[in-house]
1. Using only the Cα atoms of segment 31-222, build the gyration tensor, take square roots of its eigenvalues as a ≥ b ≥ c, and label the shape rounded, prolate or oblate: rounded if a/c is under 1.5, else prolate if a/b is larger than b/c, else oblate.
2. Sort 117, 87 so the one with the fewest other Cβ atoms within 10 Å of its own Cβ comes first.
3. Report, by chain and number, residues whose modeled amide H sits under 5 Å from the one on residue 120, excluding near sequence neighbours (fewer than 5 apart, same chain).
4. Quote the charge dipole size of segment 31-222 about the Cα centre in Debye, to the nearest 20; the model charges only the Cβ of Lys and Arg (+1) and of Asp and Glu (-1).
5. Give me the number: length gained by fully extending residue 49 to residue 103, i.e. 0.36 nm times residue separation minus the C-alpha to C-alpha distance, one decimal in nm.
6. Give the relative contact order (percent, whole number) for segment 31-222; include only Cα pairs under 8 Å separated by 6+ residues.
7. Pull out a ≥ b ≥ c, the square roots of the eigenvalues of the alpha-carbon gyration tensor of segment 141-276, then state rounded if a/c is under 1.5, prolate if not and a/b is larger than b/c, and oblate in the remaining case.
8. Using Cα centres only, tell me the gap between segment 76-94 and segment 119-149 in whole Å.
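Readers should treat all values here as calculations from the given coordinates under stated rules, not as data from a laboratory. On a predicted model such as this, the values are computed, not experimentally measured, just so you know. FYI the Cβ positions are ideal-geometry reconstructions off the backbone, even for glycines, and counts take in every protein chain you see.
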Amino acid sequence: MRRILAALVSALVTCGTARAQTTGATTNVAKSVHAHVVTGPVAETDWQKAELLTAFVQREPSEGTPATYETEARVIADGAALHVVVDAKDPDPDKIVGYLTRRDEDSQSDWIHLFIDSYHDRRTGYQFAVNAAGVKRDSYWYNDDNNDDSWDAVWDANVSRTPSGWRAEFRIPYSQLRFSSGSDGKVGFAVLRYVPRLNETSSWPLIARSRNGLISQLAELDDVSPSGSTKRLELSPYSVATTVTQPAETGNPLRKTFNPNVTVGLDLKYAVTPALSLTATVNPDFGQVEADPAVVNLSAFETFFQERRPFFIEGLQRRLHSLLLPPYRPPAARVTFARRWRVLRSAGPNHNRWRREADRAGRQVFGRLSCRRHAGGICGRGIRQRSPP
């Protein structure tokens with residue numbers, strides 16, 4: 001009996017070792033890469049000096065096996081932005097698909113995705129994607145495997161067709177990312193490619209579906225350090241002009257036949273430190289924004305427009321992560337539906353002002369949200385919480 005048990009154990013160990021060796025041969029991808037650092041404008045010769053990433057492996061359908069089509073990526077870092085170029089090889093360039101849609105809309109197109117964990121906490125990160133038609137998508141990742149596609153950033157992407165496939169160039173300004181105060185130049189990084197006609201997703205490094213989480217699987221990118229000259233101030237003004245005309249009324253001198261009105265507002269963002277940002281808004285716009293599609297609602301239920309104004313959504317996941325609901329339920333933004341805060345203005349015509357500060361220091365996350373009404377007193381709310389270990 002002991003001999004039988006010993007033989008079984010030996011067989012299991014041998015099979016396990018053989019399987020590990022086989023898996024290692026297909027998933028042995030370098031988990032660290034250095035960005036090529038430049039001090040001036042990026043030239044074509046700089047791309048030749050950058051480290052070449054080619055070991056893309058399938059995430060699906062066959063996890064861990066080499067990608068069907070070759071993909072090459074290079075990374076360059078300067079003092080203001082991160083530059084990434086990806087060459088997606090394809091033996092049939094005419095079959096590359098690129099649908100022209102609205103920003104942040106998914107489609108059955110060829111896509112290139114970048115994942116950047118600038119805080120390097122392996123829990124939060126940013127996703128930037130572009131398809132073969134130049135449509136951009138971006139989202140914010142939190143708690144390792146949850147994402148919010150309502151986050152929008154200012155970044156550049158250019159796409160072009162080549163005889164061997166297509167090419168995507170990214171420029172991600174450091175001002176759109178958040179870095180730790182004691183950053184050592186290391187960030188999480190990954191490149192992902194999707195080919196719709198093969199229903200294949202490949203990545204460098206392997207982002208395995210069989211493992212929990214996504215941000216925690218990113219590789220390490222070195223030598224990414226924002227310079228002190230990075231732009232810290234962003235201003236986003238807006239204005240709305242309306243005109244009301246009506247016929248004159250005899251005997252009523254108070255009735256205006258021509259009544260113009262102009263409303264102005266401003267959003268402000270200032271990076272106090274790489275890890276601390278101040279966001280403020282004056283007279284926020286509570287009207288429809290560009291992202292609101294026109295709909296005809298004939299049901300008994302109200303139409304929900306997702307909040308997309310950066311002031312109201314940035315950092316929402318940190319303050320309300322304990323209230324997040326499963327993906328098949330309404331998003332957490334409904335818990336604090338900022339677009340209904342316009343009722344605060346019903347007390348008078350005076351403008352409202354909100355300001356918010358958000359930071360994460362070590363294991364602490366804190367935020368503050370307050371509103372002030374000139375004629376109706378002061379109202380406000382604040383949240384302070386400790387992030388889970």
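1. On the way: a/c = 1.37, a/b = 1.18, b/c = 1.16.
It is rounded, given that a/c, with a ≥ b ≥ c, falls under 1.5.
2. With the sparsest Cβ surroundings first, the list reads 87, 117.
3. The list, which skips near neighbours in sequence, is 188.
4. Here the size comes out at about 80 debye.
5. 16.1 nm
6. 27
7. Because a/c hits 1.5 or more and a/b exceeds b/c, segment 141-276 counts as prolate.
8. With segment 76-94 and segment 119-149 each reduced to a Cα centre, they are spaced 17 Å.
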